[in-house]
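Chemist: Please read through the structure below; I'll follow up with questions.
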Amino acid sequence: MYNIDGDAPATVPGKGWDLEDSLRKKEACEKYGISLDAYHWPLSSSGIDKQVYPNIMLGKSPERDREIEILQQMITVAARTGIKVLNYNTTILKVERTSRTRDLKRGNAEYSTWNYQEALKSPGGKTIAGDVGIEEIFDRISYMLERVLPVAEEYKVKLANHIADPPIPHAYKGIMRWNSPDVFKGIKRFAQLSNSPYHGFNFCIGSIAEGLNDPAVEILPIIKWVGDRNQIFNVHLRNIKGGYNNFQEVYPDNGVLNYIKCIRALRDVGYDGMVMPDHVPYHSDPNANSQSFAFCYGYIKAIIQAVSEESV
């Protein structure tokens, strides 16, 4: 509870992050005994139409080269601030959901829901990227990584990619996600794009579970495979009901994933970074978001403490 993934510093147009603002954020955290360990690169899950730097995933040169230079500058600012990890996304489609599901047994909580068959009934239009296949996606990711990883290695900042959410069986709105149709194969392919110790994952256990037919069982060998390669740099711990093509994002104690087994698996591969929720259920109280996050943080903290005290 003494480490955070903080908001990124202010941006200097055309240059990158403001170092002085970043140092102020670090100082403010340290004042309260908090270690500012991670930032989010401005490569988000909001979709290509809303990206600040869209040309990287559009594969458009020379515009993407200038955007990559800005990302390189951000690595240097992170390093000079003591930031260990930069979390990012390599997505064209935004996070997709079809509805919310109400749980009458949990105070009318509403769970963000994805049903692939329902989505196909009204898929909507394509993005500005048009049709993009899996090979094009990986080519664009590789182009960026070849240029940013040397800087990350020089400044010792880990680059942690979050898989596209949700995994899908076929192209949707013209886009095939890089971690689809087989989420584990996609993770392996991305992991093996580079042997750099600074190339890895913002390892979202909930998003990975969304691409599995039996998440409770299948998630454990994925944790082991990625963890044994030392490519887990940050962990999002989120629970779901259901699985591939049909799931709900629920509270940590009422989904299909066993958090204790997940934390044990992370412990057994030597993971020592942050573990945090990322998406939480909704309900009608004005403070619902804070309440849900507080519950999830407390639940995760208790499990980490319990697993840490077990004899291995």
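Chemist: For region 133-248, list the helices (runs of 4 or more DSSP H) that sit wholly inside it and hold at least 3 residues that are outside the structural domain of N115 (by TED's automatic domain parsing), among the charged types (D, E, K, R) and closer than 30 Å to Q117 by Cα; which are they? Spell out the reasoning first.
Modeler: Numbers: elements: 134-155, 183-191, 205-209, 215-228.
Counting at least 3 such residues, we get 134-155, 183-191.
Chemist: Have a look at I70, I75, I128 and point out the one that is in contact (Cβ under 8 Å) with a residue 60 or more places away in the chain and closer than 24 Å to F233 by Cα.
Modeler: Values: I70 fails: in contact (Cβ under 8 Å) with a residue 60 or more places away in the chain; I128 fails: closer than 24 Å to F233 by Cα.
Testing whether each residue is in contact (Cβ under 8 Å) with a residue 60 or more places away in the chain and closer than 24 Å to F233 by Cα leaves just I75.
Chemist: Within region 266-278, does at least one residue satisfy the condition of being touching a strand residue (DSSP E or B) at 6+ places or on another chain (Cβ under 7 Å), crowded, with 17+ Cβ neighbours inside 10 Å and part of a helix (DSSP H, G or I)?
Modeler: yes
Chemist: With region 1-98 as the region, which strands (runs of 3 or more DSSP E) entirely inside it contain at least 2 residues that are in the same structural domain as N234 (by TED's automatic domain parsing), more than 17 Å from E146 (Cα to Cα) and modelled with pLDDT of 95 or more?
Modeler: Numbers: elements: 3-5, 35-40, 85-89.
Qualifying strands (runs of 3 or more DSSP E): none found.
Chemist: Something else about it: So which residues in region 133-162 are surrounded by fewer than 20 Cβ atoms within 10 Å (Cβ to Cβ), in contact (Cβ under 8 Å) with a residue 60 or more places away in the chain and more than 20 Å from I232 (Cα to Cα)?
Modeler: Result: E136, D139, Y143, R147.
Chemist: Looking only at region 279-309, how many residues end up being within 20 Å of A38 (Cβ to Cβ), of a type outside the set (V, I, T) and assigned to a helix (DSSP H, G or I)?
Modeler: If we filter region 279-309 for residues that are within 20 Å of A38 (Cβ to Cβ), which is where we start, we get 279-280, 293, 296-297, 300-301, 304.
Next, from what is left, pick out any that are of a type outside the set (V, I, T): 279, 293, 296-297, 301.
From what's left, assigned to a helix (DSSP H, G or I): 293, 296-297, 301.
Looking only at that region, the number is 4.
Chemist: Let me ask something else. Which pairs have Cβ atoms under 9 Å, sit 6 or more apart or on different chains, and link a residue in region 1-16 that is closer than 20 Å to Y53 by Cβ to one that is part of a loop (DSSP other than H, G, I, E, B) and among the charged types (D, E, K, R)?
Modeler: As it stands, the answer is P9/D18; A10/D18; T11/D18; V12/D18, since those pairs meet every condition given.
Chemist: Could you check K224 against (1) of a type in the set (K, R); (2) more than 20 Å from the chain's Cα centre (by Cα); (3) surrounded by fewer than 16 Cβ atoms within 10 Å (Cβ to Cβ) and say which number it fails?
Modeler: (2)
Chemist: Out of all the residues in region 172-191, which are touching a strand residue (DSSP E or B) at 6+ places or on another chain (Cβ under 8 Å) and over 15 Å from I222 (Cα atoms)?
Modeler: Narrowing region 172-191 to residues touching a strand residue (DSSP E or B) at 6+ places or on another chain (Cβ under 8 Å): 174-176, 187, 190-191.
Selection gives G174, I175, M176.
Chemist: Kindly check whether there is at least one residue in region 27-44 that is surrounded by 17 or more Cβ atoms within 10 Å (Cβ to Cβ), touching a helix residue (DSSP H, G or I) at 6+ places or on another chain (Cβ under 9 Å) and farther than 17 Å from N161 by Cα.
Modeler: Scanning region 27-44, I find at least one residue that is surrounded by 17 or more Cβ atoms within 10 Å (Cβ to Cβ), touching a helix residue (DSSP H, G or I) at 6+ places or on another chain (Cβ under 9 Å) and farther than 17 Å from N161 by Cα, so the answer is yes.
Chemist: Quick one: how many residues across region 152-185 are of a type in the set (G, A, S) and touching a Gly at 6+ places or on another chain (Cβ under 8 Å)? Even if it seems obvious, please write down each step before you answer.
Modeler: Looking only at region 152-185, we keep the residues that are of a type in the set (G, A, S), and these are 152, 160, 164, 171, 174, 180.
When the remaining residues are screened for being touching a Gly at 6+ places or on another chain (Cβ under 8 Å), the result is 160, 171, 174, 180.
Of the residues in that region, 4 qualify.
Chemist: Let me ask something additional. Which residues, taken from region 112-132, are buried (at least 16 other Cβ atoms within 10 Å of the Cβ) and in a helix (DSSP H, G or I)?
Modeler: Y116, A119
The values are calculated or read from the model by the stated rules, or taken from the named source; none is laboratory data. Every value quoted in this text rests on a predicted model; they were computed, and no experiment measured them. Here the Cβ is made from the backbone with ideal geometry for all residues, glycine too, and neighbour counts use every protein chain on show.
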